[in-house]
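Down below is the structure, laid out as structure tokens.
The values are calculated or read from the model by the stated rules, or taken from the named source; none is laboratory data. Owing to the predicted nature of the structure, the values given are computational and were not obtained by experimental measurement. So basically every Cβ, Gly included, is an ideal-geometry build from the backbone, and we count neighbours across all protein chains shown. Ligands, DNA and RNA are stripped out before the accessible areas are found, and what is left, the full protein with its side chains, is counted by its heavy atoms. Shrake-Rupley method; radii C 1.70, N 1.55, O 1.52, S 1.80 Å.
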Amino acid sequence: MMPFWDTYIGILILTVLKTLALVVPLLIGVAYLTYFERKVMGAIQLRKGPNVVGPFGLWQPFADALKMLTKETIIPTGADKVLFVLAPMITFGLAIIAWAVIPVNNGWGIANINVGVLYLFAISSLGVYGVIIAGWASNSKYAFLGALRSAAQMVSYEVSMGFVMVTVLILAGSLNLNSIVLAQKHIWFAVPLFPLFIIFFISGLAETNRAPFDLAEGESEIVAGFFVEYSAMSFALFFLGEYANMIMISGMTTVLFLGGWLSPLPFLPSGVLWFLIKVFICLFVFVWVRATLPRYRYDQLMALGWKVFLPISLVYLVAVAGVVEYFGWLPHA
């Protein structure tokens with residue numbers, strides 16, 4: 001007789017438990033990332049940030065959630081109601097399901113598939129649909145302009161991110177994210193691929209519409225971009241989707257360049273704590289950049305993506321492929 005966990009029902013239950021074990025902390029992390037951002041920006045700008053609701057303002061995310069839940073969702077008269085409601089769900093859903101292949105420890109992933117990098121390619125490419133649908137379904141010129149801006153920006157920087165990820169998988173010799181982390185046991189890929197590490201992280205800022213690349217929200221010219229007509233929980237889903245994407249990009253950066261769960265010091269044990277520390281550091285840089293740098297002009301944004309990042313990532317891709325092919329050098333060999 002087969003053991004319980006080898007049956008279809010057992011596998012299903014195990015998958016659901018693993019999903020809950022990942023998604024629940026992720027949702028709590030998204031909620032408290034908003035608190036963390038406001039506190040860090042408050043410190044940088046010499047003010048206090050949230051400090052009223054609960055001790056040290058720790059209940060502020062729950063107060064914000066309650067406020068959003070009790071507000072009325074207003075759907076514009078001329079909007080496509082089904083797509084209008086569906087768009088924020090798509091954005092938030094894609095930010096969550098991308099985590100299915102990201103390992104937080106050795107073998108600790110919901111799906112340890114051999115094409116994990118390809119899966120992330122697909123999910124990141126689909127992210128633009130939520131934005132485009134939101135802009136079009138709102139029946140608003142400002143929302144549509146913001147959606148077109150955001151779509152062009154996301155597609156432009158996806159190209160460079162794609163070449164960077166291909167370079168990493170050539171160096172690792174695998175599309176499996178668990179194997180990519182284990183390939184960094186001698187040296188993190190951020191060292192030999194430092195320029196690509198910087199390009200990937202900055203492209204992540206653009207991909208998530210974060211400052212200084214938050215052109216899609218340009219308050220001074222298009223009011224608030226593709227979600228200008230959204231309110232209450234539909235707006236909250238876009239808001240949460242952006243922060244979930246920040247955590248996802250930080251997780252991808254950690255896995256691809258910073259050795260995932262591997263300890264930076266040989267005398268300290270590796271584990272999920274190191275993964276969380278590295279993700280936390282990446283998120284701090286996200287917030288630090290927002291509090292420090294002014295917004296780019298749109299032509300500068302496009303020039304950086306197509307004229308700087310794309311050529312550099314292409315040259316590195318060819319160079320790394322050449323070194324691996326002709327010299328047979330791999331950092332983990």
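Only one of the numbered conditions (1) open to solvent by less than 30 Å² (accessible area, probe 1.4 Å); (2) closer than 17 Å to Leu83 by Cα; (3) of a type outside the set (Lys, Arg); (4) without any contact (Cβ under 8 Å) to a residue 60 or more places away in the chain is violated by Leu148, and that is (1). The set of residues in the stretch 106-131 being open to solvent by less than 60 Å² (accessible area, probe 1.4 Å) and assigned to a helix (DSSP H, G or I) consists of Gly116, Val117, Leu120, Phe121, Ala122, Ile123, Ser124, Ser125, Gly127, Val128, Gly130, Val131.
The set of residues in the stretch 87-125 that are farther than 17 Å from Trp261 by Cα, within 13 Å of the chain's Cα centre (by Cα) and touching a residue at least 12 places away in the same chain (Cβ under 8 Å) comprises Thr91, Phe92, Leu94, Ala95, Ile96, Ile97, Ala98, Leu120, Phe121, Ile123, Ser124, Ser125. Screening Pro103, Pro76, Pro50 for residues that are closer than 27 Å to Thr19 by Cβ, open to solvent by less than 80 Å² (accessible area, probe 1.4 Å) and not in a helix (DSSP H, G or I) leaves exactly one candidate, Pro103. One residue stands out among those in the stretch 160-200 that are of a type in the set (Ser, Thr, Tyr) and buried (at least 23 other Cβ atoms within 10 Å of the Cβ): the one that is nearest to Gly328 (Cα to Cα), which is Thr167.
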